[in-house]
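**Student:** Here it is, the structure in full.
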Amino acid sequence: MALYREMIIKGIYPDTYTIPYVLKACAGFRAVEEGQQIHAHAIKFGLVCNVYVLNTLMRMYAVCGIIHYVQKLFDESPERDVVSWTTRIQAFVKMGFAKEAIGAYFDMCREKLRPDKRTLVVVLSACSRLGDLSLGTQIHENICDVCDIYSDVFLGNALIDMYMKCGDADSARQLFHEMPVKNVVSWNSMISGLVQQGQYKEALDVYNDMQRIRLKPDSVTLVAVLNACGNLGKLELGKWVHAYIDKNGIKADGFIGNALVDMYAKCGSIEQAFGVFQGMKFRDVFSYTAMIVGYAMNGEAQRALDIFAEMPVVGIKPDEVTFVGVLSACSHAGMVEEGRKHFEDMSRVYNLEPQTEHYGCMVDLLGRAGLISEAEEFIENMPIEPDAFVWGALLGACSIHGKVELGESIMKKIVTVEPVRDGAYILMSNIYSSANRWKDALKLRKAMKERKVKKTPGCSLIEVNGVVHEFRKGDKSHPKVEELKKLLEEMAVHLRNYGDCSTSNFIS
DNA sequence: ATAGGGTTAG
């Protein structure tokens, strides 16, 4: 850049070779203003009719996120080649306009331009974002016409990612095994893909295979592994990853730091989570959200709200997920007024539209506090259609406060929205049982069987000395189940002595 | 002689 300036000052004109060089540097540093200056030079010296110059200009605006200019340059350019199209498609994908990207791809085909490997990689990433499997499969077939899929790691990786994001883990796995050359991105696509599908154990299996061939994980790998650890309660492995990060001088940047906070919080080590959070140089919405949700999950509502109150001070705007944490913290602590205030602030102060999760949290908040008719009213005034999550929250309130008739009418609504999940049936049958209406409870259990309702076993994970113990409701397979039961009974007796009545049936 | 576009994460 300095050399280029010197050149201009000395009165030497740039040519069609100079401009792409300097523009590449601008794109690398996201220096829009300098890029615009170069753009002005290119116009001044009459170089904008060259495809190379045009394409690098488009690319510079694309990485700086100014899609408007990309489109303008594309429209005005006298000559467009595969690179121009690819750059425009990529710009759409980057800005989250996946549909437009696909549209541009088909326009390109209509203009009788043949896409190459790099175009197809970008188009596949658009399919991933859309989660459109049939479109992705169609592109896969297009690729087979153009070239050999196995001839390019990038293409293979993009295909794995596409199948994973479209929910077809089997095809992704098959492709992965057939690829003759793999790199760390191929492994990462598999591992994070499985994590996104909730197949945490499978993700860790793939990670073990990766270690077996002694391929070094990078920060993308570790973020996915930490995510799996958090969801499986694998604190020991999570700690090991933390040590690995420190030892290998991997930058504890945003992604890694946030993943560590999330992992520790989900594993119940909330103090460790806070330690990592405090040690981070740069914190963003995700760091704060992980901490708030973590505190809420671990029953520390006040600390969740304290962290939330810090956000405007440091100038970080909360997002929808942050508010799920805030509202659930209020709900579990019975802070009705506080919760109401935050719910109102969501749209009024932060311009965020409440989603069904937020309405569900509010119904839960009101319902738990016994304000059932207000909770009902709240649902009636919802601008969006209430889903099973919202009705479920109200049903939960009926279960706590023994409202049988209301429960029955809610049950009817839930069955129409979501007939195959077990949660509501269990709640309702508990309501009947508490009201001594055993016949109705039995009838409901029968209906569950008839409708083939899927049962998700109540389950908790805990790790002791590196071994994960999984407890399912009614499961007696743990080797020390009798000892555990005895201990729990003793604990319940102690707790009741301190005036806690909620422990009577937690031993099951 | 010298130039441009690609995949993975919270």
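The values are calculated or read from the model by the stated rules, or taken from the named source; none is laboratory data. What you see is a predicted model, and the numbers here were worked out from it, not measured in a lab. Positions of Cβ are backbone-derived with ideal geometry, glycine not excepted, and every protein chain shown enters the neighbour counts. Accessible surface is based on the protein model in full, side chains and every heavy atom, while ligands, DNA and RNA are left aside. Shrake-Rupley method; radii C 1.70, N 1.55, O 1.52, S 1.80 Å.
**Student:** Which one of these is within 12 Å of DNA strand B (Cβ to nearest atom) and under 30 Å from A:ILE256 (Cβ atoms): A:SER151, A:SER192?
**Tutor:** Going through A:SER151, A:SER192 in turn, the sole match is A:SER192.
**Student:** Collect the residues in the stretch A:68-108 that are part of a helix (DSSP H, G or I) and at pLDDT below 95, keeping them in residue-number order.
**Tutor:** Hit for the stretch A:68-108 is A:GLU76, nothing else.
Every residue, every condition in (1) assigned to a helix (DSSP H, G or I); (2) open to solvent by less than 10 Å² (accessible area, probe 1.4 Å); (3) aromatic (Phe, Trp, Tyr), yes or no:
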| position | (1), (2), (3) |
| --- | --- |
| A:LEU135 | yes, no, no |
| A:CYS144 | yes, no, no |
| A:ASN157 | yes, no, no |
| A:ILE160 | yes, yes, no |
| A:HIS177 | yes, no, no |
| A:LYS182 | no, no, no |
| A:MET210 | yes, yes, no |
| A:LEU226 | yes, yes, no |
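**Student:** Residues that are within 16 Å of DNA strand B (Cβ to nearest atom) and surrounded by 13 or more Cβ atoms within 10 Å (Cβ to Cβ): find the helices (runs of 4 or more DSSP H) completely inside the stretch A:238-350 holding 1 or more of those.
**Tutor:** A:254-266, A:270-279, A:285-297, A:301-314, A:320-333
**Student:** Provide a single number: the residues in the stretch A:12-25 that are open to solvent by less than 50 Å² (accessible area, probe 1.4 Å) and either among the polar types (S, T, N, Q) or more than 8 Å from DNA strand B (Cβ to nearest atom) (or both).
**Tutor:** Adding up the residues that qualify gives 5.
**Student:** Taking the stated definitions as given, is A:SER186 open to solvent by 20 Å² or more (accessible area, probe 1.4 Å), within 8 Å of DNA strand B (Cβ to nearest atom) and of a type in the set (Ser, Thr, Tyr)?
**Tutor:** Numbers: open to solvent by 20 Å² or more (accessible area, probe 1.4 Å): no; within 8 Å of DNA strand B (Cβ to nearest atom): yes; of a type in the set (Ser, Thr, Tyr): yes.
Considered against the rule, which asks whether it is open to solvent by 20 Å² or more (accessible area, probe 1.4 Å), within 8 Å of DNA strand B (Cβ to nearest atom) and of a type in the set (Ser, Thr, Tyr), A:SER186 comes out as no.
**Student:** Right, next: Taking the stated definitions as given, is A:ALA375 touching a residue at least 24 places away in the same chain (Cβ under 8 Å) and either surrounded by 19 or more Cβ atoms within 10 Å (Cβ to Cβ) or over 21 Å from A:LEU427 (Cβ atoms) (or both)?
**Tutor:** No, not satisfied.
**Student:** Of the residues A:ARG110, A:ARG118, which single one is open to solvent by 50 Å² or more (accessible area, probe 1.4 Å) and within 13 Å of DNA strand B (Cβ to nearest atom)? Steps first, answer last, please.
**Tutor:** Details: A:ARG110 fails: within 13 Å of DNA strand B (Cβ to nearest atom).
Going through A:ARG110, A:ARG118 in turn, just one is open to solvent by 50 Å² or more (accessible area, probe 1.4 Å) and within 13 Å of DNA strand B (Cβ to nearest atom): A:ARG118.
**Student:** Look at the stretch A:35-63 and say how many of its residues are open to solvent by 30 Å² or more (accessible area, probe 1.4 Å) and not in a helix (DSSP H, G or I).
**Tutor:** 5
**Student:** Six or more apart or on different chains, Cβ atoms under 7 Å: show the pairs whose first residue is in the stretch A:15-33 and in contact (Cβ under 8 Å) with a residue 24 or more places away in the chain and more than 9 Å from A:THR56 (Cβ to Cβ) and whose second is near DNA strand B (Cβ under 8 Å from one of its atoms) and open to solvent by less than 70 Å² (accessible area, probe 1.4 Å).
**Tutor:** Partner pairs satisfying both residue conditions: A:THR16/A:ASN50; A:THR16/A:VAL53; A:ARG30/A:VAL63.
**Student:** Test A:MET164 against the stated conditions and say whether it is among the aliphatic types (A, V, I, L, M), within 11 Å of DNA strand B (Cβ to nearest atom), part of a helix (DSSP H, G or I) and open to solvent by less than 60 Å² (accessible area, probe 1.4 Å).
**Tutor:** Answer is yes for this residue.
**Student:** Restricting the first residue to the stretch A:182-196 and requiring it to be over 13 Å from A:LEU222 (Cα atoms), which pairs with a second residue that is open to solvent by 20 Å² or more (accessible area, probe 1.4 Å) and of a type in the set (Ser, Thr, Tyr) meet a Cβ separation below 9 Å and a spacing of at least six or different chains?
**Tutor:** A:LEU194/A:TYR200
**Student:** Against the definition (closer than 15 Å to A:CYS26 by Cβ, among the aliphatic types (A, V, I, L, M) and either away from DNA strand B (no atom under 12 Å from the Cβ) or open to solvent by less than 50 Å² (accessible area, probe 1.4 Å) (or both)), how does A:ALA101 come out, yes or no?
**Tutor:** no
**Student:** Tell me the residue from A:GLY402, A:GLY407 that is farther than 28 Å from A:TYR295 by Cβ, in contact with a Ser or Thr (Cβ under 8 Å, 6 or more places away or on another chain) and surrounded by fewer than 19 Cβ atoms within 10 Å (Cβ to Cβ), please.
**Tutor:** A:GLY402
**Student:** For the stretch A:56-70, state whether one or more residues are over 16 Å from A:VAL123 (Cβ atoms), out of contact with any Lys or Arg (no Cβ under 9 Å at 6 or more places or on another chain) and among the aliphatic types (A, V, I, L, M).
**Tutor:** Yes, there is a match, as at least one residue in the stretch A:56-70 is over 16 Å from A:VAL123 (Cβ atoms), out of contact with any Lys or Arg (no Cβ under 9 Å at 6 or more places or on another chain) and among the aliphatic types (A, V, I, L, M).
**Student:** Looking at A:GLY96, A:GLY131, can you tell me which residue is loosely packed, with under 14 Cβ neighbours inside 10 Å, of a type in the set (Gly, Ala, Ser) and under 19 Å from A:VAL63 (Cα atoms)? Spell out how you get there, then give the answer.
**Tutor:** On the way: A:GLY131 fails: under 19 Å from A:VAL63 (Cα atoms).
The conditions single out A:GLY96.
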